[in-house]
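Some notes on the structure that comes next.
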Amino acid sequence: MAEQVCWFVAYVKSCQEKKAAQALERLGVEHFLPLQRVRRKWSDRMKWVDRLVIPRMIFVKTTPSRRVKLLEDIPYIYAFMVQKGAYTPVVVPDYQMDAFKMMVCHSEADVTIESRPMAAGDKVRILDGPLAGLECVLVEVLGKRHVTVDVGILGTATVELAVGSVVKI
């Protein structure tokens, strides 16, 4: 019986995220490095930059046995996230990865990760804009309305959004 392919969370050495992604690409391993293209103001101009959403982490889609081999093959990856108090690797379900990837790749506002759980709110569907159709949870953070996507043990990805662009489901 073939091993199941699933998403694992890899820890990467400091400032080596892009090198780890390139090494995984060379080996033909599916991965996701959450980079978001954002505009930043320099002292004399505005500039587009790629911002790491989760520094020192990359998502790797592989089998459990290949995951172990990747630690030997890629010097930039030093460990995989495990369940607290156990040696069981953390697996991110496909539906959570799909929603997270959509948020990172299409949101115009900065996506942030909150490691603490957020208060449960209404489940909503985004009606318009680049995130249209995404189902998520509406929360309030520091008096502003945000939507969140659960990323399992990592926490929740959050982006600020106008309340008028969502509908309760």
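The values are calculated or read from the model by the stated rules, or taken from the named source; none is laboratory data. Keep in mind that this is a model prediction, so the values were computed, not measured. A quick note on method: Cβ atoms are made from the backbone with ideal geometry, for glycine too, and the neighbour counts reach across all protein chains shown. Heavy atoms of the whole protein, side chains included, go into the accessibility calculation; ligands, DNA and RNA do not. Shrake-Rupley method; radii C 1.70, N 1.55, O 1.52, S 1.80 Å.
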Leading residue by the ranking (surrounded by the most Cβ atoms within 10 Å (Cβ to Cβ)) among those in segment 19-37 that are of a type in the set (A, V, I, L, M) and not in a helix (DSSP H, G or I): LEU33
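Has segment 56-70 got at least one residue that is among the hydroxyl-bearing types (Ser, Thr, Tyr), assigned to a strand (DSSP E or B), open to solvent by less than 50 Å² (accessible area, probe 1.4 Å) and within 30 Å of PRO130 (Cα to Cα)?
Within segment 56-70 (the criterion being among the hydroxyl-bearing types (Ser, Thr, Tyr), assigned to a strand (DSSP E or B), open to solvent by less than 50 Å² (accessible area, probe 1.4 Å) and within 30 Å of PRO130 (Cα to Cα)), the answer is yes, since at least one residue qualifies.
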What is the number of the single condition among (1) at pLDDT 70 or above; (2) touching a Ser or Thr at 6+ places or on another chain (Cβ under 9 Å); (3) part of a loop (DSSP other than H, G, I, E, B) that THR158 does not meet? (3)
Which one of VAL9, VAL49 is in contact (Cβ under 8 Å) with a residue 60 or more places away in the chain and either under 20 Å from ILE153 (Cα atoms) or in a strand (DSSP E or B) (or both)? VAL9
Return the pairs, sorted by first residue and then second, in which the second residue is basic (Lys, Arg) and modelled with pLDDT of 70 or more, the first residue lies in segment 141-169 and is over 18 Å from PRO130 (Cα atoms), the beta carbons are less than 6 Å apart, and the residues are 6+ apart or on different chains. ILE169/LYS123; ILE169/ARG125
